[in-house]
Amino acid sequence: MARLEAGPEPAWVRASARVVAVIDGICRWSGYIVAWATLATVLLCFATVYLRYVMGTGLIWLQESYIWTHVVVIVLGAGYTMMTGGFVRVDVFYSHWPARKRALSDMAMTLLLLVPFLIVFGTAVWTFWSASFASDEGSLNPGGMGNYWILKASLIGFVLLVGLQGVAFVLRGLMVLAGHERHALNHGGHGAEQTQ
């Protein structure tokens with residue numbers, strides 16, 4: 001199908017573009033949170049090492065807190081990483097494909113692999129989190145962090161953020177397949193920041 005960029009876009013394309021923009025905004029903000037959490041991880045780790053090896057004292061809660069922030073970086077950064085195309089992939093063909101073929105590939109993989117994974121993983125995470133919340137699970141180490149359910153809730157955030165990006169992938173794919181290629185997400189060049 002030829003590109004249809006000449007005339008005004010249909011209402012469904014404009015609505016889809018707005019939904020994608022909101023999703024990208026949410027994932028972009030999660031990226032900002034992850035950037036600060038990365039700094040917190042480094043500072044907490046430095047403080048732990050400094051206190052232990054220079055001051056001769058160790059604080060279990062401090063050591064566990066940098067593990068918590070590291071977990072937040074990994075799981076809440078997934079939506080942003082997906083949006084920007086930052087996941088490692090074996091890119092033998094994808095970067096050389098036209099936008100329509102990439103969009104079709106992204107849609108197919110989202111629907112065939114990502115959605116079933118998120119359903120299974122989300123169900124397991126909900127059970128995992130619910131048990132932790134109900135028992136007010138805490139650290140097994142004396143003096144460690146309590147309320148492990150807060151940490152485990154970040155896995156729910158992972159499911160939500162990656163699921164939202166999956167919706168954005170499908171909507172982008174539909175727009176591109178309908179001939180509106182300006183909405184394509186250019187993973188080859190990590191162009192999500194330039195996408196409207």
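The values are calculated or read from the model by the stated rules, or taken from the named source; none is laboratory data. Since this is a predicted model, take the numbers as computed values, not measurements. Here the Cβ is made from the backbone with ideal geometry for all residues, glycine too, and neighbour counts use every protein chain on show.
A few remarks follow.
- In region 36-137, counting only helices (runs of 4 or more DSSP H) that sit wholly within it, the ones holding 3 or more residues that are under 22 Å from residue 162 (Cα atoms) and in contact (Cβ under 8 Å) with a residue 60 or more places away in the chain span 60-76, 78-84, 99-109.
- Selected residue (only one of 18, 28 is without any contact (Cβ under 8 Å) to a residue 40 or more places away in the chain, of a type in the set (Lys, Arg) and in a helix (DSSP H, G or I)): 18
- The single residue among 117, 93 that is within 16 Å of the chain's Cα centre (by Cα) and surrounded by fewer than 17 Cβ atoms within 10 Å (Cβ to Cβ) turns out to be 117.
- When 123, 110 are checked against the criterion of being at pLDDT 90 or above, among the polar types (S, T, N, Q), farther than 23 Å from residue 35 by Cα and surrounded by 13 or more Cβ atoms within 10 Å (Cβ to Cβ), a single residue qualifies: 110.
- Positions within region 27-51 being within 22 Å of residue 169 (Cβ to Cβ), out of contact with any Leu (no Cβ under 8 Å at 6 or more places or on another chain) and hydroxyl-bearing (Ser, Thr, Tyr), in sequence order: 32
- Hey, residue 99 closer than 23 Å to residue 180 by Cα, touching an Asp or Glu at 6+ places or on another chain (Cβ under 6 Å) and not polar (S, T, N, Q) or not: yes
- The residues of region 69-84 that are under 25 Å from residue 183 (Cβ atoms) and either in contact with a Leu (Cβ under 7 Å, 6 or more places away or on another chain) or exposed (fewer than 15 other Cβ atoms within 10 Å of the Cβ) (or both), listed by number, are 78, 79.
- When we screen 17, 2 for residues that are modelled with pLDDT under 95, closer than 26 Å to residue 99 by Cβ, touching a His at 6+ places or on another chain (Cβ under 7 Å) and not polar (S, T, N, Q), the only hit is 17.
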